[in-house]
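Asks: The structure's right below; bear with me while I get my questions together.
The values are calculated or read from the model by the stated rules, or taken from the named source; none is laboratory data. What you see is a predicted model; the values in this text were computed from it and never measured. Here the Cβ positions follow ideal geometry from the backbone for every residue, glycine too, while neighbour counts run over all protein chains shown. Just the protein is used for accessible areas: all its heavy atoms, side chains included, with ligands, DNA and RNA removed. Shrake-Rupley method; radii C 1.70, N 1.55, O 1.52, S 1.80 Å.
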Amino acid sequence: MLPLVTMQKPMDAKKGLLLLYQMLLIRRFEEKAAEQYTKAKIRGFLHLYIGEEAVAVGVIQALTDEDNVLSTYREHGHALARGIDPDVIMAEMYGKVEGCSRGRGGSMHLFDASKKFYGGNAIVASHLPIAVGMALASKKQKKTNITCCFFGEGAAAEGEFHEAMNLAALWKVPVLFVCENNLYAMGTPIEYSHSVTELEKKGAAYGIEAAAVDGMDLLAVMQAANSAVEKVRISGKPYLLVCNTYRFRAHSMFDAELYRDKNEVEEWKKRDPIPQFEQFLLQQQWITDQEIAAFEDKIEAKIEKAVAFAEAGTWEPLNQLTKFVYSEK
């Protein structure tokens, strides 16, 4: 039986509206990114977060500004939930100097030290040991912050996952491992890549407390994340939170998506976290349909501004292409 969790931070109308705004911003930003990709404005790889918004928003609301956040290559949602400006994210995806990584990282390498957002890491599971190292550094420096590391279920089948879990438990470091289990590691169903598909059970092998939650339900994610963060912060020990979710779009824009049934996708769309949360807010009488429409208009204007900012951005001069490749003399 999974451990019970209790809501640590009370929900009120102001917070509810902020969380809805964040989820809608992520959804519309991703839709616009897909549109710009088809126009060849965005190049390289593009992995959309559509359908998984409740995980990023629900977990990050439990963190403080001092906590570290690391993510995968599907990180636009985490970056937006962390408060990175949509303008600089879009500029980065366009490859412009005004981007958060000077246009050198693109979609998979968003980075903003001022927000303690340390990637955007393109190699599957590569950032899990980094997260353990950052948490160890905080412990050694006697800081009170924790490190939150997002990764997919595909990473949980990699050696780095087991290395990171083992070291985190041995060293007793304050790291929250958040597994976004969207059931398909690229195109491989979870039952073909994991002998035990209840991923939260992997925590017990290392003596790490773990829980699983419905990642399509923002309230459930918040409840689980608030409890997990509190435990990590008080105990200084690692915790594994598995958010069972689903991406509505293909693995990437290059993906023909031949590995899953379209009816399955449509069934999962019925559990879309955004309409679910809108209904909750409506039932609480914290928002009206007219206010939701106004939210949409506000977000549309914000995203159009981000596109305009990226379009007006500058390309890095050719004579600077080798900058940062070697250290300065």
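Asks: Take S114, S101 and sort them by solvent-accessible surface of the protein heavy atoms, 1.4 Å probe, largest at the top. Let's see the in-between values first.
Replies: On the way: S114 100, S101 30 Å².
So, going from the largest accessible area down, we get S114, S101.
Asks: Just to confirm a number: summing +1 for Lys and Arg and -1 for Asp and Glu over residues other than I208 whose beta-carbon lies under 12 angstrom from that of I208, what do you get? Working shown, then result.
Replies: Values: positive: K172, K201, K202, K231, K237; negative: E200, E209.
Summing Lys/Arg as +1 and Asp/Glu as -1 gives +3.
Asks: Could I ask something else about it? Going toward the positive end of the dipole of the chain, with +1 on Lys and Arg Cβ and -1 on Asp and Glu Cβ, which of I190, F324, Q276 do you reach last?
Replies: Of the candidates, F324 comes out farthest on the positive side.
Asks: Whole Å is fine, so just give me how far the alpha carbon centre of segment 149-202 lies from that of segment 264-316.
Replies: 30 Å
Asks: Next question, about the same structure. Calculate, for segment 1-150, the solvent-accessible area per residue in square angstrom, rolling a 1.4 angstrom probe over the heavy atoms of the protein chains.
Replies: About 38 Å² of surface per residue is accessible.
Asks: If the convex hull of the alpha-carbon atoms of segment 14-308 is projected onto planes in all directions, what is the mean projected area in square nanometres? Mind showing how you got there, number by number?
Replies: Details: hull surface 59.0 nm².
If you wrap the Cα atoms of segment 14-308 in a convex hull and average its projections, you get 14.8 nm².
Asks: Still on this structure, please answer the following. State which entries of K116/K201; K142/K329; K32/K96; K15/K96; K142/K201 exceed 23 angstrom in Cα-Cα distance in the structure shown.
Replies: On the way: K116/K201 30 Å; K142/K329 34 Å; K32/K96 17 Å; K15/K96 34 Å; K142/K201 31 Å.
Over 23 Å apart, Cα to Cα: K116/K201; K142/K329; K15/K96; K142/K201.
Asks: What distance in nm separates the two pseudo spin-label positions at D12 and R271, each 7 Å out from Cα along the beta-carbon direction?
Replies: The modelled label-to-label distance comes out at 3.3 nm.
Asks: Using a 1.4 Å probe on the protein chains only, how many percent of the accessible area of segment 14-308 belongs to carbon and sulfur? The partial results should precede the final answer.
Replies: Details: 6350 of 11970 Å².
After summing per-atom areas, the C and S share lands at 53 percent.
Asks: While we're on this one: Can you send over the solvent-accessible area of T322, 1.4 Å probe, protein chains only, in Å² to the nearest 10?
Replies: 100 Å²
Asks: Nearest 5 percent is fine: what portion of the DSSP beta bridges confined to the chain is antiparallel? If you can, show how the numbers build up before the last one.
Replies: Values: 3 of 27 bridges.
Looking only at bridges with both residues in the chain, the antiparallel portion is about 10 percent.
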